[in-house]
Every structure is written in C-alpha cells, then in structure tokens.
Amino acid sequence: MASVGAGARVSIHAALPMTRRLTLCHTSDWHLGHTLAGHGREAEHAAFLDFLLDVLERESVDALLVAGDVYDSANPPASAQAMLYAFLARARRRSPALDVVMIAGNHDSPGRLSAADPILRAIGVRVIGTAREDMLVPVSDAAGVAGWVAAVPFLRPSDLPRHPGEGDPIVAGVRARYRAVLDAARARRGPRDALVAMGHCHMVDATPSELSERAILGGPQQALPADLFGDDVEYVALGHLHLAQAVTERVHYSGSPIPLSLPEETYPHQVRVVRFEDGRLAEQRAHRVPRLVDVHRVPREGPAPLDDVLAALAALAVDADLPRERWPFVEARVRLTAPAPDLRARVEAALADKPVRLVKIGVEHAGAPGALADRAPRRQLHDLTVEEVFREAYARKYEGEPDAALLAAFHEVADAARRALEENAS
Ligand SMILES: [Mn+2]
C-alpha cells in the first residue's frame, strides 16, 4: 500500500497527477537458528519478527529487503525454517500487497535458500540464492511497479566471471555482476521508478564486528569499493556486518537485529525504513529493535581480578520473574595472576541462585606473553631443565613463582612421562 494521504505535500512535479511514493524496509543478518554457547535464540527472533511485522504495517512498507544471512547455518534446524515461513505467511496476511526480496548471505546455503523461490513467488516473495538466478526483482506500490532491485546474493569466487577486465579480479568481477543486473534494470525502468541494489559483502572503510563475521571472498582484496554501484542507484541495502552503519549517504548496512556475539551487546540493533518519491531517495529512518534479553559482560570495561569479578557477579540485579528464555546472558571476564583450577566452580557458585545464563568465562593472564625463545638471555631449549621450561611457561601466564604443591605435581607428571619414554625405548 502506498501512503498517499492527507499529509501528501504538493511537489514540484506539478504536471504529474501525484507524487509516486515507494517505501522499503531494509534488514539483514537474522541468523535464524543461532545459538549462543548452546542457548537457543528463538524467543529473541520471535520478538524481533513481531516487531518487524508492526513496522511493516505501521510504516505502510511496500517491500521488505532481507540482505542475507537469513539463517545461521547452511543446514538450519527445522524450527528456524518454520519460523521464517510462519513469518512470511503472517506478513502476507497483515500487509497483503507487501513484496519481499531475500538474498543468500555467506552463512546461507544458496541452493537450499532459493529452493522455496518458485512457490514463494506466489505470495510476493522472491528468494535469490546464487548469481545464476534472475537477480532483477521489480517491487510495487499500490499503483504497480515503482522500483527495481538488483538483488545480488553473497558472491563466491566461482560466481564471478573469469576475465572481468581491469584491476583486482575479484573487485572487477563483482563490479561486472552488478553492472549486468543494473543495466537490465535501467533498460526496463520507468522514469519515476527507483533503482535499488542489495548485497552481502564487506565494503572498504566499513567496521566489522569482533567475532561473528567471517572474512569473505578471501584475500586482502575482500573489501569492495562503494563506487561499485552507479550514481543513479538511489539506495543500497547491504548485509554481512552486524553493526549498523552508513558506507555513504545511500549505501547502508542495517546490521543484525539481535546481538550474535558478546561484543555486539553495545550495538544499536535496528531496521531501516527508506522512502522514495518519484524514484528519488526522499527519507530514511532507523527503527531500534527492542532488546528482549540483556547481555551482562562483567565487568563491562574488561577483565578484572577474580575476587572483584565474583563480587560483581554476586551483586548482579536480575528480575527473578523472567521466563527462562529471557534470562540474561552473562560473561565473566577474569584477569588471573595465579592458576585457578576451581575458576569455573567459583564463578558458577557466585551465580548459583540467579536466573541468568553463563555463556563465557573469559580469562586474561597477567604474565608476560611471548614465545619462550624470545626471553633473554637467549638459550637453546636443550640447555634448560624441564623444571626451567615449566617455570618459564608459568611466567608467561602468571605473576610470581609456581608454589611447592604445583611444582611437586609437575615433577610427578614429568617423571611418569620420562619412565614411559624409557620403557618405550627399551
Ligand atoms: Mn551475518
């Protein structure tokens, strides 16, 4: 449905009957089926999809663009597939004219994702898994086709033409792929149709997250320049990076809707609503996704001594009435100055009566890192006794000297190993 109502402004195109309006919603990196240290994310995904349905209806969105990593893995669990199909059916009921365009990301199986395309077309959904498929998708407002989407999925080196032309072969190959689809759109578009591109890739100058995005397309040239898309492309909806960010005024990553790793806890998770008037970009706005499950990194600033961390964990204030699927995720961030074999037990004890889910005990060692061979004075390994090697290894991780009990335990293991070696040799 196009939103041409009482609020419509008189535009400079006075000769035209009314301004042509098209509204897109851009999202990506849902990672349906994701687990965090074994904990499912279904409740968070379900809450996000409810939120998204509200946005689509409230903002009178004409087309939803999902820019890859729909699923977390190439072999998603049945529950994740059921969640996607139920969402598409509900979207169809609530916004009957909605178009949906989905592309495969590097986490998705291209063939598996687009296997459903022939049947999903019947309800206005297009799914593009590989560059071998038709990547040009028209999207409509209430009056008919109002935009053309070059829906290019995540490209693998084998998806690129062999001899694409000048410069880095990967960049030139990706450029050639986009040019072919965009040229087809240029040939078919009406004068007031919007030209839009989608992609799942890493652009130059973009900020990757610490843990949950694999390097893609391989090699140092994996980052692509923003001039990949022509000047007449009014908006580019990208996926892959989980931190929402603008590459240029018109080229955006929507980011993931939920934190997919602990460092993503600080991200302003969002979806973008983008409006066009007569094919030109007119307005874009981010809608923050409410956080259903809290993430507590303790302490937030970084690793601290164990006793401080245990005290902070014990002091965590948590709503006791939350259902289990909303229990906060917790990371303990410990800086060790001496071995602590009972570390996990002590962390778990500090959290014992709290409705939280411990996902990680991060350990930083206070010793002097570096290879043993880098230490002065430089000596050959065969000049050292086994105890000296053990003391050096200890010093890399911890402060001070190993205590007598630890040294005795070390010698017990070392003697047993020596005896076993001698028996083997004889
Ligand atoms: Mn992703």
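Every read-out reported here was derived from the displayed coordinates using simple, explicitly stated rules and does not represent laboratory data. Every value quoted in this text rests on a predicted model; they were computed, and no experiment measured them. Cβ sites come from the backbone with ideal geometry, for glycine too, and all protein chains shown count toward neighbours.
The table that follows gives values for the structure above.
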read-out: Cut-off under 5 Å, modelled amide H: who pairs with VAL251 long-range; value: VAL236
read-out: Within the chain, helix-based [θ] at 222 nm, where runs of 4 or more DSSP H residues each add -39,500 (n - 2.57), nearest 500; value: -8500 deg cm²/dmol
read-out: The stretch 138-147 - phi-based ³J(HN,Hα) in whole Hz, Karplus 6.51/-1.76/1.60, Gly and Pro as x; value: x, 10, 10, 9, 4, 8, x, 4, 10, x
read-out: Stretchable slack from GLU388 to GLU249, in nm (0.36 nm times residue separation minus alpha-carbon distance); value: 44.1 nm
read-out: The stretch 283-343 and the stretch 50-113: distance between their alpha carbon centers, rounded to Å; value: 31 Å
read-out: Fraction of beta bridges assigned by DSSP in the chain that are antiparallel (%, nearest 5); value: 35 percent
read-out: Per-residue HN-Hα couplings for the stretch 256-269 [Karplus 6.51, -1.76, 1.60; θ = phi - 60°; Hz; x = Gly/Pro]; value: 6, x, 9, x, 9, 8, 4, x, 7, 4, 8, 6, x, 4
read-out: Highest average packing first - 137-147, 342-352, Cβ atoms within 10 Å; value: 137-147, 342-352
read-out: Crossing angle, helix 386-397 versus the chain [Cα axis fit, 0-90 degrees, rounded to tens]; value: 40 degrees
read-out: LEU281 long-range amide H proximity, modeled H, under 5 Å; value: none
read-out: Estimated FRET transfer efficiency (ARG285, ILE123; beta-carbon r; R0 30 Å; 0.05); value: 0.65
read-out: Label point distance in nm, ALA172-ALA143, each placed 7 Å from Cα along Cα→Cβ; value: 4.4 nm
read-out: Length released on extending from ALA82 to ASP403, taking residue separation times 0.36 nm less the Cα-Cα span; value: 109.9 nm
read-out: Burial order of peptide ranges 22-28, 171-177 (average beta-carbon count within 10 Å, highest first); value: 22-28, 171-177
read-out: Max mean-square fluctuation residue, GNM over the chain, Cα-Cα springs under 10 Å, options ALA194, ALA366, ALA46; value: ALA366
read-out: Debye equation applied to the C-alpha atoms of the chain, log10 I(q)/I(0) at 0.06, 0.13 Å⁻¹; value: -0.36, -1.09
read-out: Environment charge at GLY68 (Cβ cut-off 9 Å; Lys +1, Arg +1, Asp -1, Glu -1); value: -3
read-out: Relative contact order of the stretch 294-366, pairs being alpha-carbon contacts under 8 Å that are 6 or more residues apart, as %; value: 42 percent
read-out: Over the chain, relative contact order from alpha-carbon pairs under 8 Å, at least 6 apart, %; value: 13 percent
read-out: Amide hydrogen neighbours beyond the local backbone of MET203, cut-off 5 Å, H modeled; value: LEU224
